[in-house]
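Notes to accompany the following structure.
The values are calculated or read from the model by the stated rules, or taken from the named source; none is laboratory data. All of these numbers come straight from a predicted model, not from anything done at the bench. Using ideal geometry, Cβ is built from the backbone for each residue, glycine included, and neighbour counts are taken over all protein chains shown.
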Amino acid sequence: MSRLSLLVRVSFACVLVTVVAMYAAAPAHARIRKIQITAKQSPTFGGYSWPGVGQYEKIAGKAFGELDPKDPTNAIIVDLQLAPRNARGKVEYSFDFYILKPIDLTKGNHKMLYEPPNRGRKTIAALNRGVGGNDPGSVTDAPLLANSFLMPQGYSMSFSGWDFSAGTSTADFNTTITLPIAHNPDGSSITGPSYEYIVNAGSSYALTYPAATLDQSKATLTHRVHLNDTPKKIPASGWQYIADGTAIALLPSGTSFVPNDIYEFSYTAKDPTINGIGFAAVRDWNAWLRYEMKDDAGTANPLAGDITRIYTEVSSQPGRFLNDFRYLGFNQAENGKQVFDGMMQWIAAGDGISMNYRWSQPGRTERNRQDHLFVEGRFPFANVMTTDPITGKTDSRYATCTLTRTCPFAMEIFSANEYWVKAASLMTTDPTGTKDLPDSPFTRIYFMSSMQHGTGNGASKSNCQQFQNPLDSQAVQRALFTALDKWVTAATLPPPSQFPKLSDGTLVKPDQTSTGFPPIPGVTYSGLKTTRYLLNYGPNFYATGIPTLNPPTITPPYQDNPANGRIYPSFVPKTDADGNDIAGIRLPEVQVPLATYTGWALRASPQDGDGCEGAGQYIPLPKTKADRLASGDPRLSIEERYGDYETYSSFLRKAIDNLVRSGFLLPSDAEAALNKNLNNVLNKNLLRKK
């Protein structure tokens with residue numbers, strides 16, 4: 001071992017000992033002090049009763065918590081020391097909650113699924129076979145309820161507010177959080193640089209934080225059409241503050257922001273909310289449900305004494321929230337025990353969230369055309385120890401929970417879109433981009449081949465050049481959720497990780513030669529992907545979470561431009577001759593294709609050529625050999641591949657059976673997958689029956 005390696009290991013060991021001591025000495029002060037039930041429906045789901053489990057009830061309301069700013073376990077929360085305190089010296093906050101549970105808990109499975117809502121909205125319908133919406137208990141369709149995924153197993157479910165960006169409306173059980181505002185020690189307003197990235201704003205745009213001054217010379221508004229255009233400054237005569245500096249509007253009055261064009265607004269803001277409290281709110285809510293019997297006023301915990309396991313289920317933004325939740329140490333409750341046993345992360349990859357920073361905006365999500373200057377993707381990216389080649393720091397997303405023995409098992413499931421727009425390869429390669437990483441003992445990584453960010457509408461182009469990608473991962477998520485439960489409760493190892501690798505040539509540079517993407521007529525290929533930089537927000541930002549430069553200085557072009565900062569190399573999946581990704585979990589539609597499916601897409605006019613955000617592409621194969629020859633399409637036609645409906649059906653059934661055997665599809669979902677694809681062929685008259 002080199003002397004440098006030894007010094008690094010000794011230094012890191014010292015840091016670990018310090019962290020362990022900090023957590024061991026932490027007093028238990030943070031807690032939920034009161035719950036207020038505002039709605040109860042028993043039974044809910046229209047009175048439907050599941051065999052062996054019985055009926056469910058719905059309980060919704062508001063919870064009130066407090067944090068001790070002197071507690072070392074809360075020290076990671078930026079600006080907590082500057083929050084107002086109550087008579088007990090604690091920092092108060094509150095949030096909305098929503099619970100679904102068996103009326104008779106003895107008939108449940110004593111496990112709870114927790115979902116941190118996406119911008120206040122519940123996304124459980126995908127996992128729960130369509131039973132969801134923002135008020136899942138209002139679903140009364142008996143066949144739908146009978147086919148649901150969670151209730152027949154006896155799961156309790158909970159949702160709670162954590163996200164400042166979710167707003168204040170509680171209509172339709174939207175889950176919000178009320179946070180304190182940080183002030184200077186003398187009580188005066190904190191001011192500092194804030195930044196807004198604006199598209200599709202209409203006639204006005206509400207600022208995340210109020211302006212500290214209405215002096216327009218202290219602010220800058222710019223406009224451009226394409227990402228790589230030089231921003232043009234809009235003069236003070238072209239815009240104004242409205243609503244006492246909480247919003248801006250263009251002049252003359254009534255002028256609308258041009259849809260899909262890019263506007264950026266830099267200004268001095270005041271009164272930052274302490275957004276990092278959202279992490280503690282989720283920690284303390286779930287710990288209270290799991291470990292406490294009642295609140296301080298004697299109101300009973302609806303799940304008191306019942307929970308033996310808590311799993312999470314997410315879609316996108318809250319997955320990035322939980323990445324940071326786990327990394328920052330919040331999976332250890334104030335009583336020292338574990339909060340979550342398992343996490344099913346969907347389309348979050350290795351990114352975090354713009355939250356535990358001053359002037360943060362949790363609702364933002366970076367893609368190659370949007371929100372690329374908000375803090376989201378920062379080292380560490382991986383679940384195992386790596387060393388940052390830029391800063392020299394050694395770390396892992398599991399470092400803290402490993403020390404406190406509170407690590408959850410996790411299924412990291414993500415789409416091809418995360419490779420193209422969020423540099424997801426950094427989750428499975430070292431930060432120099434030279435080698436693959438091993439699995440963490442706590443995680444499995446599953447790449448959904450050729451998928452976009454979520455399920456698109458294959459009949460809609462929206463703002464993109466091609467139809468959106470309709471591939472759907474819901475059935476795979478159910479299989480992996482089942483595997484996660486077995487991993488936690490029975491130590492049954494889940495299916496091996498599935499993702500593209502440098503070592504076997506399935507993880508490559510984004511140019512067309514490297515990916516092997518075919519030259520399909522009418523399809524533009526540019527290789528546009530997000531570049532992961534170490535952005536400069538001013539001195540000590542990455543230590544304090546307080547920016548002095550916001551946004552960081554960036555100049556076009558945005559992709560792979562060393563002038564914008566040091567770059568962490570990232571890669572994308574290699575494709576087969578059809579343009580479908582080779583590695584990963586290949587859905588039946590990818591194994592037995594009728595189209596090319598991509599995780600990337602480009603915009604149509606007037607922003608032609610820019611990235612089309614989370615969308616992918618659905619590019620049908622030519623139907624016949626004559627169609628292929630007439631268009632010059634290099635992809636084999638449907639007719640040439642399968643010949644007839646029966647041959648296609650046999651190939652499809654084999655692909656589905658392989659997914660079931662591999663543990664990526666439940667037998668109960670297999671028939672539905674078969675019928676969906678066969679009906680698609682018949683409805684579109686793509687193949688003839690014998």
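Some notes on this structure:
- Tabulated pairs, region 378-391, first free of Cβ contacts under 8 Å to residues at least 40 places away in the same chain, second of a type in the set (Gly, Ala, Ser), C-beta under 8 angstrom, 6+ apart or interchain: Met385/Ser396; Met385/Ala399
- Any hit, region 525-538, residues being surrounded by fewer than 13 Cβ atoms within 10 Å (Cβ to Cβ) and not aliphatic (A, V, I, L, M): no
- Among the conditions (1) in contact with a helix residue (DSSP H, G or I) (Cβ under 7 Å, 6 or more places away or on another chain); (2) at pLDDT 95 or above; (3) farther than 30 Å from Pro152 by Cβ, the only one that Lys34 does not satisfy is (1).
- Close pairs (9 angstrom Cβ cut-off, 6 or more residues apart or separate chains): within 14 Å of Ile638 (Cβ to Cβ) in region 677-690, of a type in the set (Val, Ile, Thr) and not in a helix (DSSP H, G or I) anywhere: Asn677/Val592
- Val476 being in a helix (DSSP H, G or I), over 18 Å from Leu665 (Cβ atoms) and at pLDDT 95 or above: no
- Count of residues meeting criterion [assigned to a loop (DSSP other than H, G, I, E, B) and of a type outside the set (S, T, N, Q)] in region 550-581: 16
- Filter result (in a loop (DSSP other than H, G, I, E, B) and of a type in the set (Lys, Arg)) within region 381-423: Lys393, Arg397, Arg405
- Residue count for region 582-610 satisfying the condition of being in a loop (DSSP other than H, G, I, E, B) and either in contact with a strand residue (DSSP E or B) (Cβ under 8 Å, 6 or more places away or on another chain) or within 29 Å of Asn683 (Cβ to Cβ) (or both): 15.
- Any hit, region 243-256, residues being small (Gly, Ala, Ser), outside the structural domain of Asp79 (by TED's automatic domain parsing), part of a loop (DSSP other than H, G, I, E, B) and on the phi > 0 side of the Ramachandran plot: yes
- One residue stands out among those in region 542-577 that are free of Cβ contacts under 8 Å to residues at least 60 places away in the same chain and under 24 Å from Met427 (Cα atoms): the one that is surrounded by the fewest Cβ atoms within 10 Å (Cβ to Cβ), which is Ala543.
- Neighbours by Cβ (under 6 Å, 6+ apart or cross-chain): first from region 525-536, touching a residue at least 12 places away in the same chain (Cβ under 8 Å); second of a type in the set (Gly, Ala, Ser) and crowded, with 18+ Cβ neighbours inside 10 Å: Leu528/Gly611; Thr530/Ala423; Arg532/Gly377; Arg532/Ala423; Arg532/Ser570
- When each of Thr123, Thr140 is tested for being modelled with pLDDT of 95 or more, under 24 Å from Ala475 (Cα atoms) and surrounded by 17 or more Cβ atoms within 10 Å (Cβ to Cβ), the lone residue that passes is Thr123.
- Residue within region 148-160 that is part of a loop (DSSP other than H, G, I, E, B) and out of contact with any Gly (no Cβ under 8 Å at 6 or more places or on another chain) present: yes
- Filtering Leu528, Leu471, Leu426, Leu535 for residues that are under 24 Å from Gln370 (Cα atoms) and outside any loop (DSSP other than H, G, I, E, B) leaves a single hit, Leu426.
- Considered as a group, the residues in region 60-78 that are part of a loop (DSSP other than H, G, I, E, B) and in contact with a strand residue (DSSP E or B) (Cβ under 9 Å, 6 or more places away or on another chain) include one that is nearest to Thr176 (Cα to Cα), and that residue is Ile77.
- Scanning region 163-194 for residues that are on the phi < 0 side of the Ramachandran plot and free of Cβ contacts under 8 Å to residues at least 60 places away in the same chain yields Thr168, Ser169, Ala171, Asp186, Ser188.
- Condition check for Ser165: in contact with an Asp or Glu (Cβ under 6 Å, 6 or more places away or on another chain) and over 15 Å from Phe45 (Cβ atoms): no
- Residue list for region 81-103, filter: closer than 23 Å to Gly545 by Cα, assigned to a strand (DSSP E or B) and not aliphatic (A, V, I, L, M): Glu92, Tyr93
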